[in-house]
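Please read the structure below before turning to the comments.
Please treat every number below as a calculation from the coordinates, not as lab data. These numbers were taken from a predicted model, which means no experiment stands behind them. Glycine also receives a Cβ, built like all others from the backbone with ideal geometry; neighbour counts cover every protein chain displayed.
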Amino acid sequence: MKIQIKNVSKSFKKINVLDNINLTFESGKIYGLIGRNGSGKSVLLKMICGFYTPSSGEILFDNVNYIKNKEFPKNVGALIESPSFLPDLTGYQNLELLASIQSKISDNEINDILKKVNLFEEKNKKYSNYSLGMKQKLGVAQALMEDPKIIILDEPFNGIENETAQKLRNLLVEEKKKDKIIILASHIKDDIINLADIVYEFDNNNVKKIN
Amino acid sequence: MKYILLNDLSFFRKKFLKKFILYCIALIGSFNVLKLTNGYMNFDIFYNTIGINYSNDLGSIEKLLCIFNILFYFYLSLELFTKELKNGVENIFLRINTKKFIINKLISISIITILINIIIYILFLYLFIINKILISNILIVFLKNIIYVLTLQFSIIIVYMFSKNNKCILFLLMLFIFMFNNRILINIINTKIIYLILVLIFILWFIVMYFKKNYFNLFEK
């Protein structure tokens, strides 16, 4: 699988956020996007997910342009910006409800992903009682639970304690071995640099590869 | 469907319930003012209170109530419609196609609107029962009212979708309502239900088609 970002520019109200970006993301690799807040990382992730359209250029998934076809890309699990769940339901019930949309996974698989993100013990707590880190873990869990081929995580380690962050890093390495495309974005270089195979830095509307 | 409906009900309970209670209090207060002004209590006063008995002969309180009711339903539908577009978009839109989403969303808005109207009608019917006033033809009025309110709500959703391309459209619509209100406010009691249903079906079809083709404009800030 391959995602190609071809000559993509994006501007909002005449303010240029990304200018003529060319990137390729391939299966079996972890990609890191780093850059200060507002450098355009999240905008690119939203364009890949189909939530924003490029002002010019195209984004191809195995040569399919979903945006042109007015569709969201298939097989993508994402957490972009802050997680959003139903406050009155427990963590488990929230995932169960989301899983019911596609009915692709069983209750056991929901429990498995909760164990993998270190949230199993708190799965029966109401979401409104979750800490910031627990909310983030649930957001990561919803992105990964249906075994998507493309995983997109924006600031995945936000508010997560070191032990779980390391567990998540190991989990992402395991996911990479399943021949998935994993794209992580963070404004903290250290979060990404040791995990990613390829790192791109976003600055001044442009992107450069730094390893 | 389950996800969208539960999400909307949760939103309604957390963020809209107090506003709905205030709306009901305002309706009952207005109803009592109209009752005192007229010196009697009948169903016309109730219909005027909920803004479905419009005519050019109405007083300014009744006309204001028509506008007030419309604005309440506009606000409710826009809040419910834009909720998923603002937060946690990846939760839902990477799991469901746009057509299925918009159909489920419209059903969810309809269910909440029907529940709201059931509560309002029960509230007022209770007032009529304790005052020993005979209730008649209420079911057909209720149905017409629901169709009218849904038509209004879905119309403002269309305007909202248009306004994402051109911001001034929303402002122009509000101006239109206030300047030419008798073209928007209609007398539901005297309108044949079949016309209301046909208009509603057309609006539903239009929303589904327009959303499918233009959904991406709605995510952009």
TODO: Give the shape of the protein assembly as shown as rounded, prolate or oblate, defined through the alpha-carbon gyration tensor: a ≥ b ≥ c are the square roots of its eigenvalues, a/c under 1.5 means rounded, and otherwise the shape is prolate if a/b is larger than b/c and oblate if not.
DONE: prolate
- [ ] Can you tell me the dipole magnitude for chain B around its Cα centre, using point charges on the Cβ only (Lys, Arg +1; Asp, Glu -1), in Debye to the nearest 20?
- [x] 680 debye
- [ ] Between beta-carbons, use under 9 Å as the cut-off and find the net charge around B:ASN53, counting Lys and Arg +1, Asp and Glu -1.
- [x] -2
Open item on the list: How much length would be gained if the chain were fully extended between B:LEU71 and B:LYS164, taking 0.36 nm per residue of separation minus their Cα-Cα distance, in nm to one decimal?
Closed with: 31.5 nm
TODO: First measure r as the distance between the Cβ atoms of B:ILE197 and A:LYS189, then evaluate 1/(1 + (r/R0)^6) with R0 = 41 Å and state the FRET efficiency to the nearest 0.05.
DONE: 0.10
TODO: Would you mind giving the mean number of other chain beta-carbons within 10 Å of the Cβ of each residue in A:51-58, as a whole number?
DONE: 2
Task: Loop-exposed chymotrypsin sites (Phe, Trp or Tyr not before Pro) per DSSP, neighbour cap 16 Cβ within 10 angstrom, longest uninterrupted part of chain B - done: B:41-179
Task: Beta bridge orientation in chain A: antiparallel %, DSSP, nearest 5 - done: 50 percent
- [ ] For the protein assembly as shown, build the charge dipole from Cβ charges (+1 Lys, Arg; -1 Asp, Glu) around the Cα centre, then report which of A:ILE80, B:LEU115, B:ILE52 sits farthest towards its positive end.
- [x] B:ILE52
- [ ] Assuming a ≥ b ≥ c are the square roots of the Cα gyration tensor eigenvalues, decide whether segment A:78-148 counts as rounded (a/c under 1.5), prolate (otherwise, with a/b larger than b/c) or oblate.
- [x] rounded
Task: chain B: angle of helix B:168-179 to the longest principal axis, Cα-based, in degrees nearest 10 - done: 10 degrees
Open item on the list: Need one word for segment A:103-198: rounded, prolate or oblate. Basis is the Cα gyration tensor (sqrt eigenvalues a ≥ b ≥ c); a/c below 1.5 gives rounded, then a/b vs b/c decides.
Closed with: oblate
Task: Cut-off 18 Å, label 7 Å out along Cα→Cβ of B:LEU143, residues of segment B:195-212 by amide N - done: B:195-202
